[in-house]
Amino acid sequence: MIAFGPWAGAYIGILALWSLALAMRRRPTLWKGRSLLILNVGFALAVLVTAIACGERPDNALAAFLVSIVVAGIIGTRLWLLFHIDRAVAEQIVEKCLGQTLAKYEMDGDRYTVHTAGEDMTIEIGNVPPALRIRLSGGRGSKKAALIRSLFGKQFCGSVPTLRVRT
Amino acid sequence: MSRVAQSLEVTCSPESLMNYIVDVTNHPAFIGPLKSVTNIKGDVKKPGTGWDWVYSLAGIELSGKAETVRFVPGKEFVYKTTTGARSTFTYRADSAGGKTRLSLDVEYDVPQNALGKMQLSVFEKLNDQESKRVVENLKALLEE
């Protein structure tokens, strides 16, 4: 049997390092829930490959843990969090993206409603200390909505280090 | 040099199309891998005006410089990259019976070292698909 303890410790260690790397950033950073899903699926696969290689199976606690982190990853796939940025700057960036995509929109409190050729898209910014939660929903059937999402994502550093090469 | 060309009709005036395209800070909105355009040194409509760009490809960010070659209001915008693999982008707008025909023509040096084992035809096909996405994205932005 492959024991729960060491693997759970390794997983917590990875999350701790990732959190530390995020905390040490100074530039506005976008954390996408999809990256947690990739980590969790990769971690579960690593455990399964190890189990197959050793000819053993995970104990019940480890199996339940793997299922729970994959499910948590799936649930959080659409979650976007912004770090190292205040709300006013985040709103300015949203409005800049809407301007650059020639979007027609209305602002009602904390919510932007973007009119597209398909379903309207809504953009909401919420506080989830120490981060801001940004939710871009709707816009099905609209290419412009997809382009707004893409452009917004480009305004920030990613949550994992990126290699930059000067050409 | 290799070359890709795409065109399609857009429901807007040639002037509004070219005014949108000549603002190079808008380019990350319709060029998928282009992450940012910064440090514009002057009026982009004037030949020789330069700017910095960052492309994001497969998790690696490539940064470089580009500059305006030519701008004809309501008609044409040409710029070239001046670092790394050389390329020239030509956007044209032609009136077409109440609509505008948008054409994108890209000439580029094929980076032989970067190609590795990838066949030239595959590389060109990828560029062809990307340029098609660019004109389709422009159409969506200007019409939706």
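Being surrounded by 13 or more Cβ atoms within 10 Å (Cβ to Cβ) and part of a loop (DSSP other than H, G, I, E, B): is that true of A:GLU119 here?
yes
Restricting segment B:63-96 to residues that are β-branched (Val, Ile, Thr) and more than 14 Å from every other protein chain (Cβ to nearest Cβ), which is surrounded by the fewest Cβ atoms within 10 Å (Cβ to Cβ)? Before the answer, list the steps.
Our first condition is that a residue be β-branched (Val, Ile, Thr); within segment B:63-96, this holds for B:68-69, B:72, B:78, B:81-83, B:88, B:90.
Going one step further and asking which of them are more than 14 Å from every other protein chain (Cβ to nearest Cβ), we end up with B:68-69, B:72, B:78, B:88, B:90.
Numbers: B:THR68: 22, B:VAL69: 15, B:VAL72: 12, B:VAL78: 16, B:THR88: 17, B:THR90: 17.
This residue is B:VAL72.
Quick grid of which residues meet (1) closer than 16 Å to B:GLU136 by Cα; (2) touching a residue at least 60 places away in the same chain (Cβ under 8 Å); (3) crowded, with 17+ Cβ neighbours inside 10 Å:
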residue: B:MET1; (1), (2), (3): no, yes, no
residue: B:MET18; (1), (2), (3): yes, yes, yes
residue: B:THR38; (1), (2), (3): no, no, no
residue: B:LYS41; (1), (2), (3): no, no, no
residue: B:LYS45; (1), (2), (3): no, no, no
residue: B:GLY50; (1), (2), (3): no, no, no
residue: B:TYR55; (1), (2), (3): no, no, yes
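Per-residue answers, yes or no, for (1) within 18 Å of B:ARG3 (Cβ to Cβ); (2) touching a helix residue (DSSP H, G or I) at 6+ places or on another chain (Cβ under 6 Å); (3) of a type outside the set (Phe, Trp, Tyr); (4) in a loop (DSSP other than H, G, I, E, B):
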site	(1), (2), (3), (4)
B:SER16	no, no, yes, no
B:HIS27	no, no, yes, no
B:VAL44	no, yes, yes, yes
B:SER63	no, no, yes, no
B:GLU67	no, no, yes, no
B:GLY74	no, yes, yes, yes
B:THR83	no, no, yes, yes
B:THR90	yes, no, yes, no
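Tell me which residues, restricted to segment A:136-167, are more than 26 Å from A:LEU17 (Cα to Cα), more than 7 Å from chain B (Cβ to nearest Cβ) and assigned to a strand (DSSP E or B).
Across segment A:136-167, the qualifying residues are A:LEU136, A:SER137, A:GLY138.
Could you grab me the full set of residues in segment A:75-106 that are away from every other protein chain (no Cβ under 14 Å) and more than 26 Å from A:ARG27 (Cβ to Cβ)?
Looking only at segment A:75-106, we keep the residues that are away from every other protein chain (no Cβ under 14 Å), and these are A:75-92, A:106.
If the condition is that a residue be away from every other protein chain (no Cβ under 14 Å) and more than 26 Å from A:ARG27 (Cβ to Cβ), then A:ILE75, A:GLU106 are the ones that fit.
Could you tell me which residue of segment A:147-167 is nearest to B:PRO28 (Cα to Cα), considering only residues that are at pLDDT 95 or above and more than 15 Å from the chain's Cα centre (by Cα)?
A:LEU151
A:ARG133 is checked against (1) in a helix (DSSP H, G or I); (2) basic (Lys, Arg); (3) in contact with a Phe, Trp or Tyr (Cβ under 8 Å, 6 or more places away or on another chain) and fails just one. What number does that condition carry?
So the condition that A:ARG133 fails would be (1).
Kindly state which helices (runs of 4 or more DSSP H) lie completely within segment A:1-104 and contain at least 1 residues that are closer than 30 Å to B:LEU141 by Cα.
Working: elements: A:4-24, A:33-54, A:60-75, A:87-100.
Passing ranges, in order: A:33-54, A:87-100.
Being farther than 24 Å from A:ALA21 by Cβ, modelled with pLDDT under 90 and more than 9 Å from chain B (Cβ to nearest Cβ), is that true of even one residue in segment A:112-134?
Looking through segment A:112-134, none of the residues is farther than 24 Å from A:ALA21 by Cβ, modelled with pLDDT under 90 and more than 9 Å from chain B (Cβ to nearest Cβ).
The values are calculated or read from the model by the stated rules, or taken from the named source; none is laboratory data. Worth saying up front: this structure is predicted, and the values here are computed from it rather than measured. Quick reminder, even Gly has a Cβ in these numbers, built from the backbone with ideal geometry, and neighbours come from all protein chains shown.
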